[in-house]
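The values are calculated or read from the model by the stated rules, or taken from the named source; none is laboratory data. Predicted model only: the values in this text are computed from it and were never measured. Positions of Cβ are generated from backbone atoms using ideal geometry, with glycine treated the same way; all protein chains shown enter the neighbour counts.
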Amino acid sequence: MAVSKRLRYEILRRDNHTCRYCGASAPDAPLRVDHVIPVALGGTDTPANLVTACEPCNSGKSSAAPDAALVADLEADAFRWSAAMKQAAAEFEQRDAGRDAYHQAFTDAWNSWHYEHDGERRTYELPSDWQPTMDRFRAAGLPATAWPGIVDAAMGSTGVKFSNLFRYACGIAWRHVAELQQRAREILADPADG
């Protein structure tokens, strides 16, 4: 089985685009992905058995068995990479843990407002990019509990077109973020205040 392009990329990236045999690196040396234990000697296409090699080292190696230290280094690298990937996945999961609840808090507040059209009760339409916008507010530290008040203030404003209600609510929300940031600056300026 041939090594996929994606796996080749990951091996080159893992090895920092540097030949594991002689230390040559790109762009000074053409690099290949090489089997540590050659396929002819029973090697596999798993990341633990793949290494970055410059063209001269790769062509000179042939089907010779590598030294044990290199194999041990690769196994340790593969273990570290696996652990790092698990940690990164856990961090992403933690980062995204409250996203759905945050979105729901906003949509609950937004959908609590209605208008009549042709004798039918309707909710105000949200723009297609509302979720990434909410993610930005969440990242900026605006608590989900602020949304009912923000939406009520936006919806209760006179003179704002229906099509501008979301933008108007976002403007109010950014003012809340600015207030939070100002309060944070005050806390930093006077630690006894916190």
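Every residue, every condition in (1) modelled with pLDDT of 95 or more; (2) aliphatic (A, V, I, L, M); (3) at positive phi, yes or no:
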| position | (1), (2), (3) |
| --- | --- |
| His114 | no, no, no |
| Thr123 | no, no, no |
| Trp130 | yes, no, no |
| Ala144 | yes, yes, no |
| Gly149 | yes, no, no |
| Val160 | no, yes, no |
| Ser163 | no, no, no |
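Sort out which residues of the range 106-122 are under 36 Å from the mean Cα position of the chain (by Cα), in contact (Cβ under 8 Å) with a residue 24 or more places away in the chain and closer than 17 Å to Lys161 by Cα, and write them in order of number.
Trp110, Trp113 - these are the residues of the range 106-122 that are under 36 Å from the mean Cα position of the chain (by Cα), in contact (Cβ under 8 Å) with a residue 24 or more places away in the chain and closer than 17 Å to Lys161 by Cα.
For the range 126-169, enumerate the residues that are more than 16 Å from Asp108 (Cβ to Cβ) and of a type in the set (Asp, Glu).
Asp129, Asp135
Does Ala139 satisfy the condition of being under 30 Å from Glu116 (Cα atoms), assigned by TED's automatic domain parsing to the domain that holds Glu125 and either surrounded by fewer than 15 Cβ atoms within 10 Å (Cβ to Cβ) or without any contact (Cβ under 8 Å) to a residue 60 or more places away in the chain (or both)?
Working: under 30 Å from Glu116 (Cα atoms): no; assigned by TED's automatic domain parsing to the domain that holds Glu125: yes; either surrounded by fewer than 15 Cβ atoms within 10 Å (Cβ to Cβ) or without any contact (Cβ under 8 Å) to a residue 60 or more places away in the chain (or both): yes.
Taking the combined requirement at face value, the residue does not satisfy it.
Need pairs with beta-carbon distance below 8 Å; first residue of a type in the set (Asp, Glu) and within the range 21-41, second crowded, with 16+ Cβ neighbours inside 10 Å; sequence gap 6+ or separate chains.
Matching pairs, first to second residue: Asp34/Leu50; Asp34/Val51; Asp34/Thr52; Asp34/Ala53; Asp34/Cys57; Asp34/Asn58; Asp34/Lys61.
Take the conditions crowded, with 18+ Cβ neighbours inside 10 Å, of a type in the set (Asp, Glu) and closer than 21 Å to Ala84 by Cβ and apply them to Asp34. Does it pass? Give the steps one after another, and end with the answer.
Working: crowded, with 18+ Cβ neighbours inside 10 Å: yes; of a type in the set (Asp, Glu): yes; closer than 21 Å to Ala84 by Cβ: no.
It is false that Asp34 is crowded, with 18+ Cβ neighbours inside 10 Å, of a type in the set (Asp, Glu) and closer than 21 Å to Ala84 by Cβ.
For (1) surrounded by 11 or more Cβ atoms within 10 Å (Cβ to Cβ); (2) at pLDDT below 80, each residue gets a yes or a no:
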position: Ala29; (1), (2): yes, no
position: Cys57; (1), (2): yes, no
position: Ala69; (1), (2): no, yes
position: Gln87; (1), (2): no, no
